[in-house]
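Before any comments, here is the structure.
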Amino acid sequence: MPFQRFMTYRPVFVLVLLTVLSLMGVVLSAPPSFARPDDKITPSSAVSPETVKQTLENALKSEKVNDAEIEQSLKGWDLLQKSVAAELDAYRIQNTTHGNLLLVAHTRTEDLEAALNNNQLVIKSLAARIEEYKKIGATASEKMAQLADRIAIAENQLATLKQESLPEADQQALRANLNKLRDILAKRKQLGEAFLKGFEERSIQMKDLMDALQETGRRLEERLQTQAKSDLFQRNSQVFSRMSVPALSSELSLLGNQLSTVFTAAFWQGQWTNFQRSGGVHQAIFLLLFAVALLFRRHVRRYVQSVEQQIETPPWRMRRLALILLRRSFVLISAVALLWLYDFLELPYMNIGLARFLNQTFLVLLATRWGIDFLQRGLNDAAMVTLQTFLQMRLRHFLQISRLVAIGYQALILIAGSGSLLVWMTRLAIEVTLIIWLVIFWRALRLTLTQGVRQGEAAPPNARIVLAQGWSYLVAGGAILLELTGYGLLSGHWLVSWAETLLLALWAHIGWLAVQEWYADQKTAVTAGDDWASPQVAGPVVWFMVQMARLVWLSALLAGALLVWSSTDFMIASVTQVFNLALSVGSLSFSIKGVLLAVIIVCATHVATRLGRKFLSENVLDSRDFERGLKDSIITITTYVVWGLGLLLALGILGVNATSLAVVFGALSIGIGFGLQNIFNNFISGLILLFERPIQVGDIVEVGGLWATVKQINVRATVVQTFDNASVIIPNSEFISQQVTNWSFKDPRMRRNIEVGVAYGSDIDLVEQTLLDIVQNRRRVLKYPKPEVLFIDHADSALIFRLRIWVHVDDYWEVPSKIRFDIDRRFRELGIEIAFPQRDLHIRSADPSIFAKGSAPESPVSPHECLTPSDQSDADS
């Protein structure tokens with residue numbers, strides 16, 4: 001019967017089970033996963049009414065316990081609200097103070113910077129609080145939605161219970177428990193609504209305060225920028241009136257108070273508060289990065305030193321010097337880079353004055369480190385040893401002392417402020433000391449130069465020394481003059497800017513010489529690889545990189561000069577203004593930015609054509625069975641196309657549109673009609689040569705009696721090289737309008753005729769066979785067409801034979817010459833006489849005295865024997 005009883009009370013059991021599970025969902029603060037009222041429950045899940053009652057009572061007990069926990073949470077929330085309210089009140093007071101600071105006519109720059117930094121800290125802290133409230137609000141809204149669903153389920157369960165037929169006792173017990181549950185949920189809903197109302201009010205207050213803080217921060221930033229510029233050029237007419245004993249005593253007393261506050265608990269408590277507001281995670285990350293730099297400094301130095309050892313040669317002098325400077329100042333560079341990155345990210349500082357002091361201190365240490373290292377390793381002139389030793393010693397001591405003085409001066413500004421009387425007196429003392437040191441330095445330098453010249457050493461040009469001396473006096477004297485006329489801040493900016501300019505000039509000097517060394521290395525490498533047969537040129541990539549390096553050097557120098565003598569914002573605005581500077585010529589408008597981009601595009605096109613020629617020649621066309629002339633035509637035409645596209649793109653960047661191009665082409669047509677006719681004729685002729693290809697690169701041609709090899713077909717002219725190794729530039733129109741003999745057109749074979757005369761009576765068959773044997777043993781005589789010997793004529797003094805052979809055009813002269821040597825040698829061996837012209841003389845009458853003493857000679861005398869050598873030569877001729 002238990003099953004039948006379960007079936008009777010099934011709706012009630014399901015209702016109670018849903019209630020219990022929903023209460024458990026409230027306790028666990030998570031959406032419950034339970035069966036809905038319309039789900040079917042299997043017999044295996046049946047429970048007794050007593051168990052259901054007990055479960056419901058346990059759930060109510062747990063809800064009461066949760067009520068106690070909720071009350072504790074609300075108390076904690078009230079405390080948090082009070083803390084947030086106090087925090088917001090403090091922010092409002094600070095914002096009001098900053099607003100009052102803006103109302104003051106003239107405020108110290110340090111106070112404005114501290115106010116702006118504190119404003120940023122408060123904005124960051126308040127933004128984190130607002131983000132936290134958003135998360136709390138989202139969670140509370142979700143819980144309130146879940147609570148409304150629970151209340152709806154409880155009310156639905158009460159309505160369902162009234163429709164069920166249950167024993168009165170069970171129904172009343174269940175109704176009582178459900179009512180208690182609904183009351184608990186309703187109470188929680190009221191608490192939640194009150195919480196959300198207070199939460200929304202607080203959120204609105206925080207957003208309003210955030211808007212006010214941001215507005216104050218914007219006004220502080222504008223005021224700081226305006227005042228920084230105005231203070232720089234503001235003149236103090238009462239310079240020496242401030243120098244009094246009471247004023248100095250007051251300054252010393254104020255300085256003592258400032259130092260004493262450092263040792264108070266309130267000071268450090270405020271610093272800790274600022275550290276928390278600024279986000280300690282950021283400072284920790286940057287400190288960790290600096291610790292990593294310290295940890296790996298030895299490894300980095302060891303690696304850079306190994307690179308230095310590999311380039312210990314004169315061509316790498318400046319590049320090695322740059323590596324030495326970077327290696328020896330690695331830690332300082334890391335510190336300056338991290339401080340710059342922190343400032344670039346616009347992260348708030350714990351103490352803006354301390355941060356600025358650290359930044360400037362590391363910059364001073366880095367600059368003096370570079371200066372000392374450059375003096376020790378950058379000055380290396382064996383012709384001026386005495387002067388070099390003097391400069392190294394004096395300037396090194398000057399930099400070391402200047403480092404300490406600059407750090408002390410920055411510390412005084414940190415404590416007393418830039419407008420303090422002590423700061424002004426210290427700055428004036430530094431400037432006076434500087435001018436005195438310069439006078440002593442230049443006198444000692446003159447004496448050192450005189451001593452070096454007496455020892456036979458070289459001396460720098462006197463004009464350079466005078467220029468440097470005048471510049472140094474101008475810097476130091478200008479600072480004192482500005483200081484005495486009341487422009488104290490401008491005087492300090494004057495000295496600092498010139499010091500930064502010297503540092504910029506140092507690196508500009510190293511960078512330019514390093515680029516020149518790189519370019520000289522490439523030229524040396526090309527020259528070393530040259531030979532007379534195959535001249536080479538510098539690689540296009542290296543050439544392009546050198547040009548880009550020079551452009552980057554110039555851009556960096558200009559940007560550095562602007563940055564030194566102005567603020568970063570002014571530099572960016574100035575560079576942007578220069579780049580956007582436009583020059584209008586009629587309808588055309590040219591800008592500096594467009595010109596630079598056009599130059600870069602032209603350089604890139606030049607590199608692309610050179611690389612493209614090499615790629616087509618070696619990787620594409622060499623693997624194809626094309627003629628050499630066709631390959632050269634393809635490469636040349638492709639080069640023209642790329643250049644055309646590059647020039648069109650460059651003209652488009654410059655602002656030349658299609659209408660402007662039409663005007664340009666119209667002007668060109670008029671120019672062609674008058675003065676450019678020959679140039680245009682040669683250009684069109686060059687295109688005809690490239691497409692029709694009557695001559696190709698490598699052909700042997702004869703133009704106007706000149707034999708030469710075609711080396712290059714250009715736009716205007718063709719370059720040919722004679723067999724005397726003379727390069728001749730022939731206009732392209734000459735190849736189109738005149739007769740040109742191409743000895744290697746389509747077929748590089750040529751027929752040569754070698755004529756030989758033998759004496760009458762020679763064995764003509766032996767002569768023929770001998771000639772054929774000679775050419776058959778000569779390797780560079782072509783086998784087809786076959787060599788042949790022709791009996792040409794019975795001449796006056798010889799039998800004339802003609803030897804016909806076929807050779808390659810490159811062997812036009814050499815092979816016939818070798819064959820003639822072989823013919824002469826072979827005929828001598830075989831006794832074949834090479835005929836020469838001769839005459840027979842018949843004497844009809846002679847002087848009897850010739851035969852006076854006797855009879856006629858026993859043997860007849862040859863006519864040649866009766867003639868003198870001169871007469872015989874005349875007879876032969």
Leading residue by the ranking (most open to solvent (accessible area, probe 1.4 Å)) among those in the range 241-260 that are of a type in the set (A, V, I, L, M, F, W, C) and over 24 Å from residue 494 (Cα atoms): 245
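Give the range 226-235 a look and list any residue that's touching a residue at least 40 places away in the same chain (Cβ under 8 Å) and in a helix (DSSP H, G or I), or say none.
227, 228, 231, 232
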Any hit, the range 413-420, residues being at pLDDT below 95, of a type outside the set (Asp, Glu) and open to solvent by 60 Å² or more (accessible area, probe 1.4 Å): yes
Filter result (at pLDDT 80 or above, open to solvent by less than 50 Å² (accessible area, probe 1.4 Å) and out of contact with any helix residue (DSSP H, G or I) (no Cβ under 9 Å at 6 or more places or on another chain)) within the range 729-747: 730
Test: residue in the range 852-866 that is at pLDDT 65 or above and aliphatic (A, V, I, L, M): no
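Do we have residue 238 as of a type outside the set (Asp, Glu), outside any helix (DSSP H, G or I) and either open to solvent by 80 Å² or more (accessible area, probe 1.4 Å) or over 30 Å from residue 333 (Cβ atoms) (or both) here?
Spelling it out, residue 238 is indeed of a type outside the set (Asp, Glu), outside any helix (DSSP H, G or I) and either open to solvent by 80 Å² or more (accessible area, probe 1.4 Å) or over 30 Å from residue 333 (Cβ atoms) (or both).
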Residue 525 vs. criteria at pLDDT 90 or above, within 30 Å of residue 321 (Cα to Cα), assigned to a helix (DSSP H, G or I) and not charged (D, E, K, R): no
Matching option when the condition is among the aliphatic types (A, V, I, L, M), within 20 Å of residue 817 (Cα to Cα) and outside any loop (DSSP other than H, G, I, E, B), among 800, 792: 800
Residue match in the range 542-561 (condition: open to solvent by less than 70 Å² (accessible area, probe 1.4 Å), modelled with pLDDT under 80 and closer than 30 Å to residue 238 by Cβ): no
Residues within the range 361-379 that are open to solvent by less than 60 Å² (accessible area, probe 1.4 Å) and polar (S, T, N, Q), tallied: 2
Unmet criterion (only one of (1) at pLDDT 90 or above; (2) under 30 Å from residue 238 (Cα atoms); (3) more than 38 Å from the chain's Cα centre (by Cα)) for residue 402: (3)
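Kindly provide the set of residues from the range 119-129 that are over 15 Å from residue 89 (Cα atoms) and buried (at least 21 other Cβ atoms within 10 Å of the Cβ), ordered by number.
Narrowing the range 119-129 to residues over 15 Å from residue 89 (Cα atoms): 120-121, 124, 127-128.
The answer is 120, 121.
Residues are listed down the side, and each one gets a yes or a no for (1) among the aliphatic types (A, V, I, L, M); (2) within 30 Å of residue 88 (Cβ to Cβ):
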| position | (1), (2) |
| --- | --- |
| 131 | no, yes |
| 140 | yes, yes |
| 173 | yes, no |
| 185 | yes, no |
Positions within the range 803-841 being more than 13 Å from residue 781 (Cα to Cα), of a type in the set (Phe, Trp, Tyr) and either within 60 Å of the chain's Cα centre (by Cα) or not in a helix (DSSP H, G or I) (or both), in sequence order: 836
Pairs, first closer than 15 Å to residue 124 by Cα in the range 259-279, second at pLDDT 70 or above, C-beta under 6 Å, six or more apart: 274/121; 274/350; 275/350; 277/121; 277/125; 278/121; 278/348; 278/350
The range 436-452 - residue that is in contact with a Ser or Thr (Cβ under 7 Å, 6 or more places away or on another chain) and open to solvent by less than 60 Å² (accessible area, probe 1.4 Å) and, of those, modelled with the lowest pLDDT: 452
Scan of the range 453-503 for residues that are surrounded by 15 or more Cβ atoms within 10 Å (Cβ to Cβ) and on the phi > 0 side of the Ramachandran plot, ordered by number: 486
Number of the exception - residue 287 against (1) closer than 30 Å to residue 126 by Cβ; (2) in contact (Cβ under 8 Å) with a residue 40 or more places away in the chain; (3) not aromatic (Phe, Trp, Tyr): (2)
Residue list for the range 380-390, filter: part of a helix (DSSP H, G or I) and either open to solvent by 80 Å² or more (accessible area, probe 1.4 Å) or free of Cβ contacts under 8 Å to residues at least 40 places away in the same chain (or both): 382, 388, 389
Residues of the range 784-836 satisfying the condition of being under 12 Å from residue 774 (Cα atoms), among the acidic types (Asp, Glu) and open to solvent by 40 Å² or more (accessible area, probe 1.4 Å): 788, 824
Elements of type helices (runs of 4 or more DSSP H) in the range 279-344, at least 2 residues being at pLDDT 85 or above, open to solvent by 30 Å² or more (accessible area, probe 1.4 Å) and β-branched (Val, Ile, Thr): 280-295, 297-310, 330-344
Residue in the range 837-844 that is at pLDDT below 55 and open to solvent by 70 Å² or more (accessible area, probe 1.4 Å) present: no
Any hit, the range 211-225, residues being in contact with a His (Cβ under 8 Å, 6 or more places away or on another chain), surrounded by 15 or more Cβ atoms within 10 Å (Cβ to Cβ), of a type in the set (Ser, Thr, Tyr) and modelled with pLDDT of 80 or more: yes
1 or more residues modelled with pLDDT of 70 or more and surrounded by 14 or more Cβ atoms within 10 Å (Cβ to Cβ): qualifying helices (runs of 4 or more DSSP H) within the range 615-728: 628-654, 677-692
Contacts under 8 angstrom Cβ, first residue in the range 474-487 being touching a residue at least 12 places away in the same chain (Cβ under 8 Å), partner of a type in the set (Asp, Glu) and surrounded by 15 or more Cβ atoms within 10 Å (Cβ to Cβ), 6 or more apart: 476/431; 479/431; 480/431; 483/431
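The values are calculated or read from the model by the stated rules, or taken from the named source; none is laboratory data. Treat the numbers as computed from the prediction; the structure is a model and nothing was measured. Methodologically, a virtual Cβ is constructed for each residue, glycine included, from the backbone with ideal geometry; neighbour enumeration extends over all protein chains shown. Surface accessibility is based on the protein's heavy atoms, side chains included, excluding ligands, DNA and RNA. Shrake-Rupley method; radii C 1.70, N 1.55, O 1.52, S 1.80 Å.
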